[in-house]
Structures are given as structure tokens and as C-alpha cells.
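The values are calculated or read from the model by the stated rules, or taken from the named source; none is laboratory data. Just so we're clear, the structure is a prediction, and the values are computed from it rather than from any experiment. Cβ: placed from backbone, ideal geometry, glycine included. Neighbour counts: every protein chain shown. For accessibility, only protein heavy atoms count, side chains too; no ligands or nucleic acids. Shrake-Rupley method; radii C 1.70, N 1.55, O 1.52, S 1.80 Å.
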Amino acid sequence: MVKSDLYIQKIEKYVAHNYHPLPIVISRAKGCFVWDVDGNKYLDMLASYSALNQGHCNRKVIKAAKKQLDKLTLTSRAFHNDLLGEFAEKLCKVSGFDMILPMNSGAEAVETALKLARKWGYDVKKVPLNTAEIIVCEGNFHGRTTTIVGFSSEKQYKQKFGPYAENAFKLIPYNNPQALENAITENTVAFLVEPIQGEGGIIIPDSGYLKAVYDICKKHNVLLLLDEIQTGFGRTGKLFAYQHEEGVNPDILIMGKALSAGIMPISAIAARKELMLLFIPGDHGSTFGGNPLACAVGLAALDVIVKEKLVQKSKTLGEYFLKKLRTLQSRHIKKIRGKGLFIGIEIKTNSGKARPFCERLMKEGLLCKETHDQVIRLAPPLIITKKELDWAFERIKKVLCE
Ligand SMILES: Cc1ncc(COP(=O)(O)O)c(C=O)c1O
């Protein structure tokens, strides 16, 4: 028995079985690499679902966190702290918005966006109270709160956790602007969408889709809410994935994951001033949202993305890696999709599910994870080098082609 087995036994005994992780117990990490409790080294090609765009234990972010840990960690929003303004200013400048509202997890930021959209619906659009409708897409993933799973199209996420408010959310097919136009009513306040569906299987909509839905939202006075929790901060080769298309200006941008460089949960929504100021004291809050430690970490995490040109790296290396992956002659591959370093390899159903391939890749020293049944998701830290990608390619080739 290896050491990992003992750790796994304890985890299975004391922790809820709400995940199905690969059988590896990580105890140390640096950059793109992790080590398990038995001393084995792996290349991390998942980066904690894109939270680690800056790489594991990024020195600059850790340094900022350590400095702040000895100074001030939490004030709650009952009082101001000396870093909140600076963090908010930087995030506004980086994202191009007027104001932000900081939270912790991604799901909380989505909830925040939904609340703001509804408030706008009642206060500005004058939708009758408690009738606001929000349109969402099939295959969406926006988190796990009871409101959010209530509009999931994934049966397991939703089915046994109801009841849900009727008519609050309408599901339409993804990548179908006409379906959006058809679904809008006078009570529609918002359309919530991912520019690329990550959990859904790295589903990239047709080019022009986002611009089309943006135009439709404008035409019908509906807010466009973009969930860039997974696709943001360089993952797809642009700072935000919606920037792949010209002329798209979301009303609310939802961010999380890499905003913290994987050090702690940090999320936020960004919006124009008139919209954000609809929230008044008492409307919304969080004990930890905008805490000084998170602000210090967020400032450093944003700095690393900008100064280390991670967006450009993701674009160039993503194109290089995708091109290389597309040369693979494998009877198991149905399709390879990707933008930047956000890549999905879809496995043919007659080759079985994606998970056994991920397990074999793990044995080869490469960590990645299936999303849904058929897709292997590759999303390494954006600090990865060409040499490391070449190494990963050889492992993938071995597992998928031999
Ligand atoms: C697009 C998207 N939205 C929301 C979330 C939820 O974020 P969190 O797990 O931090 O609540 C995720 C997480 O994977 C995500 O990918």
C-alpha cells in the first residue's frame, strides 16, 4: 500500500463524497508541477479549473499574501480597509468597468449578478415586482447554490435539490441567437451566458454569437451578464473571452478563480456606475468579500497577469499546442476544440468515457480531468513553457495513439 491510499481512506471516511477525484494526493506544488505524498511529480494540466493561471504558489502573490498576513486580514465591510479602494481601482482599470463588488466564490459572484439584474429590472425597466425573468443556456455551469442549480440543464445538479421558483429562469439552446430573441418577454431582465462553456465540455460558440446576443440584448433592453469565472484572466488568449469579438460590452462581468492566483476564494462582479449604484446599503453583503488579505492577493494576482504577459502567452502557446494536438492520429479522438490554453479533447463514445484516459495520463505524470463524460479538459497554468507542452504532447500521444 502506498501512502496515498491511507490519505484517501481518511478522506473517504470523513469527507462527503460529492466529488470523484483522480486517486492522487497532492502535498506540494510549484509553478506548473505538483508532487504527491509518495514523492511522484506531475505536470498540472488542469490548474484547478483555471484558478491557477499564474501557476502554483506564485512567488509574487505569495509574497504579497505573507506581507498582508502579518498586518491585517479581515475587517468585514462593517469598516473600510486600506486596500479595498486600490484593489477595486485596479480591477476596474484592468477590466474596463466603473465599479466592482467583491465576493468570495464564483457562485456568490453569479448570485450577486442575478440580484443586481433583478433590482435593475424592478427599479429601472419597471418590470412588475417578483416577475423578472432571466434567460440562461442549456449546458450552462454557473455554480452550485440552490438558485443556480435550479436553472441547470444537468439533471443530477438539479433534480433532487428543489423546489425552485417557477418562471424565474428560462433555458434556451447555447449558440443560438434566434432562440434568445424568441425567449425574451417584457419581463426579461437579463441573459446570463458563458463566452465558452467550460464545464459543458469546452463548447466554443460560432464566431459572431456573442455580438449577436449583445445586439439582441440591447434591442430589447435586457442586461447581458457574462460569466468569465473560468474563461477570464487570459485563459483563452484574451484577457476576457468576450474580447475575441468586436463590439461586445457586457453589462455585468462576473469574475473569480484566477483573480486569486489560486490562493484563496476571490470573486467579483464589475458593472457601470449607474447599474452598480442600484445596490444600496443592506441589499447585499459577505463577511469575507473584499477583505484586506483578498485585496492584497488580488492586486498581486492581477499584476502577475499583466506584467508577465500571460494573456499573450496563452494565445501563442495555445495556438502552438492546439496545432500540435490536431496532428494526433488517434482512433479515440472525435474532436479537438480550444482557444488559448483552454482545450478540450472529445473522446468518441465507442472508445468509452474520458475518465480512463485521464487516469492513464495521470500514470504518465500528467494531470487533467474529464468534464462530463466524453471530454478531456486541458487548461494548464499560463506560465507553462513550450518545452513542458511538448512533454505533455508526448504523454497524450502515448495514451491516445498507442
Ligand atoms: C463558468 C463558471 N461559473 C461559476 C463557477 C462557480 O465557481 P465556484 O466553484 O468558485 O463557486 C464555475 C466553477 O467552475 C465556472 O466554471
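What to note about this one:
- Matching residues in region 44-56 - criterion: being more than 16 Å from the ligand (Cβ to nearest atom) and surrounded by fewer than 17 Cβ atoms within 10 Å (Cβ to Cβ): none
- One residue from LYS41, LYS10 being open to solvent by 30 Å² or more (accessible area, probe 1.4 Å) and either among the aromatic types (Phe, Trp, Tyr) or touching a strand residue (DSSP E or B) at 6+ places or on another chain (Cβ under 9 Å) (or both): LYS41
- Any hit, region 15-31, residues being farther than 26 Å from LEU378 by Cβ, open to solvent by less than 90 Å² (accessible area, probe 1.4 Å) and among the aliphatic types (A, V, I, L, M): yes
- Selection count, region 288-312, where residues are in contact with a strand residue (DSSP E or B) (Cβ under 9 Å, 6 or more places away or on another chain) and surrounded by fewer than 24 Cβ atoms within 10 Å (Cβ to Cβ): 2
- The selection criterion, being assigned to a loop (DSSP other than H, G, I, E, B), within 14 Å of the ligand (Cβ to nearest atom) and either in contact (Cβ under 8 Å) with a residue 24 or more places away in the chain or in the same structural domain as VAL193 (by TED's automatic domain parsing) (or both), holds for ASN140.
- Complete set of residues in region 249-275 that are under 26 Å from LYS211 (Cβ atoms), open to solvent by 10 Å² or more (accessible area, probe 1.4 Å) and either among the small types (Gly, Ala, Ser) or away from the ligand (no atom under 16 Å from the Cβ) (or both): ASN249, ARG272, LYS273, GLU274
- In region 97-110 there is no residue matching the filter, namely being without any contact (Cβ under 8 Å) to a residue 40 or more places away in the chain and either of a type outside the set (Val, Ile, Thr) or assigned by TED's automatic domain parsing to the domain that holds GLU228 (or both).
- Flag if SER351 is polar (S, T, N, Q), more than 23 Å from the chain's Cα centre (by Cα) and open to solvent by less than 70 Å² (accessible area, probe 1.4 Å): yes
- Taken together, LYS115, LYS126, LYS119 contain a single residue that is out of contact with any Gly (no Cβ under 9 Å at 6 or more places or on another chain) and either closer than 22 Å to PRO292 by Cα or free of Cβ contacts under 8 Å to residues at least 40 places away in the same chain (or both), which is LYS126.
- ASP36, sole failed condition from (1) out of contact with any Cys (no Cβ under 7 Å at 6 or more places or on another chain); (2) touching a residue at least 40 places away in the same chain (Cβ under 8 Å); (3) among the charged types (D, E, K, R); (4) within 30 Å of ILE202 (Cα to Cα): (2)
- Considering residues of region 111-137 that are of a type in the set (Asp, Glu) and either away from the ligand (no atom under 13 Å from the Cβ) or outside the structural domain of GLY256 (by TED's automatic domain parsing) (or both) only, the residue farthest from GLU199 (Cα to Cα): ASP123
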